[in-house]
Amino acid sequence: MEQRPPWILPVIIFSQFAGTSLWFAGNAVMGDLQLEWGLLSPASLGYITSSVQLGFISGTLFFAFFLISDRFSPRHVFFISSILGAAANLGIFFFSDGLSSLLIFRFITGFFLAGIYPVGMKIAAGWYKHGLGAALGYLVGALVLGTAFPHLLKSFEHSYEWGSVLISVSVISIIGGIFMLIFVPNGPYLSKGTKFNPRAIQIIFKSKALRQAAFGYFGHMWELYTLWTFIPLLLAYYAKEHIDAINIPLWSFWIIAAGGVGCALGGVISKRTGSKPVAFYQLLASGICCLLSPLIFAAPLELFFVFFLFWGVVVAGDSPQFSALVAMSAPKEYVGSALTIVTSVGFLITVFSIQFVSSLVGIIDAKYLMLFLIPGPVFGLISLLNGYKQS
């Protein structure tokens, strides 16, 4: 039985949550910024999310190519990235005054998130030789909860104006970095990864099993961040149609945060069933939610909320299992490069998905927007069914 201090996983989970709370901080305060800075274009929300995604893609490739978390202690990388990501987030409050500067600071924030999310998983892997899949389920769940957290802060309307939300999130990120630095030493299983090789993509995708796992992940990513991005808009549409006064930031928090439950439970279930069934059935359920989404806007408030809570659970819960499938399918010498390439392509897909749906805002009725996410789950499910055998 592996021996480790009992606080290791809770501290890593908290630090992961704290650092990734930077991800949607800009989205949570977008309504205020639109009013204060005159950002009237409905595409502004899509631009903000896409700038973070592009920053993360760039950061992931940079950290991997220069072996940052191999050449330096990953807990130091995590700490510094938490500090610099928090500083970039604060830059919006202190220095930004329009969309262009906002996008720059969100890009920088995304860049340093690459030193938080993947590096946090590497730190966990240094402590877990067995049961890593379940641990990663908790860690991705922490990312989901961190993504939702700024919406929770914004829900306290009288206590947290947009500047206070940004400051609070940055302080929490810094605290998470400090906790990781102080309380989580390098684990006994921490290994040095092989050098990142861009040419490895040719070798990696020779594996049919890996191709299918990666394509399943790509389909999942077409849906995930776009749904998260437009949840506040969908809630506002429902409230307007039904003349209901609802706390949109608070509801956004619960719907996105529900994905943490899906990740954690999926990780536990995968210990018995393997990762493929968990990924398949959560992606299937999420695709069905896409298909039914226009109809739910005619439902009573309670049913509407339960539907979106369930969707929040399944839309994110398959994510760590797809990562596990990619890792299991990759050649051993290229596991690090495979995860980097697949993750980068997946996040690039989110940029196209977000911008595509954003271009439809104001052109079609909002209740039909999520129908355009259906191709993602369909593509992913076909990929998983296409002869993939889990070993």
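Each value in this text was obtained by applying a stated rule to the coordinates, not by laboratory testing. Here the structure is a predicted model, which is why all the values come from computation and not from measurement. Neighbour counts run over all protein chains shown; Cβ positions are idealised from the backbone, glycine included.
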Problem - Per-pair calculated FRET efficiency, R0 = 22 Å: VAL345 and LEU67 via Cβ, rounded to 0.05 - result: 0.60
Fill in the blank from the handout: Residue separation between LEU295 and ILE80 times 0.36 nm, minus their alpha-carbon distance, gives in nm 72.8 nm
Completion exercise
Karplus ³J(HN,Hα) for the range 362-375 (6.51 cos²θ - 1.76 cosθ + 1.60, θ = phi - 60°; Hz, whole; x = Gly/Pro) runs x, 9, 10, 4, 4, 5, 9, 4, 6, 4, 6, 8, 4, x
Completion exercise
Surrounding charge for VAL77, neighbours by C-beta under 12 angstrom, Lys/Arg +1, Asp/Glu -1, total +2
Handout entry: Cα shape, the range 1-132, gyration tensor, a/c 1.5 rule
Key = prolate
Fill in the blank from the handout: Projected area averaged over all directions for the convex hull of the alpha carbon atoms of the chain, nm², comes out at 18.0 nm²
Practice task
Return the sequence-ordered ³J(HN,Hα) values of the range 268-280 in whole Hz as given by the Karplus equation 6.51 cos²θ - 1.76 cosθ + 1.60 applied to θ = phi - 60°, using x for Gly and Pro.
Solution key: 5, 5, 5, 5, 9, 9, x, 7, 4, x, 5, 5, 5
Handout entry: Residues LYS154, LYS122, sorted so that the one with the fewest Cβ neighbours within 10 Å comes first
Key = LYS122, LYS154
Exercise for the section: Quick one: pull the percentage of alpha-carbon pairs in the range 299-391 with a separation above 15 Å. Expected result: 74 percent
Practice task
Please give the direction-averaged projected area of the C-alpha convex hull for the range 80-147, in square nanometres with one decimal.
Solution key: 5.0 nm²
Exercise for the section: Determine the shape class of the range 181-265: with a ≥ b ≥ c the square roots of the Cα gyration tensor eigenvalues, call it rounded for a/c under 1.5, and otherwise prolate if a/b is greater than b/c, oblate otherwise. Expected result: oblate
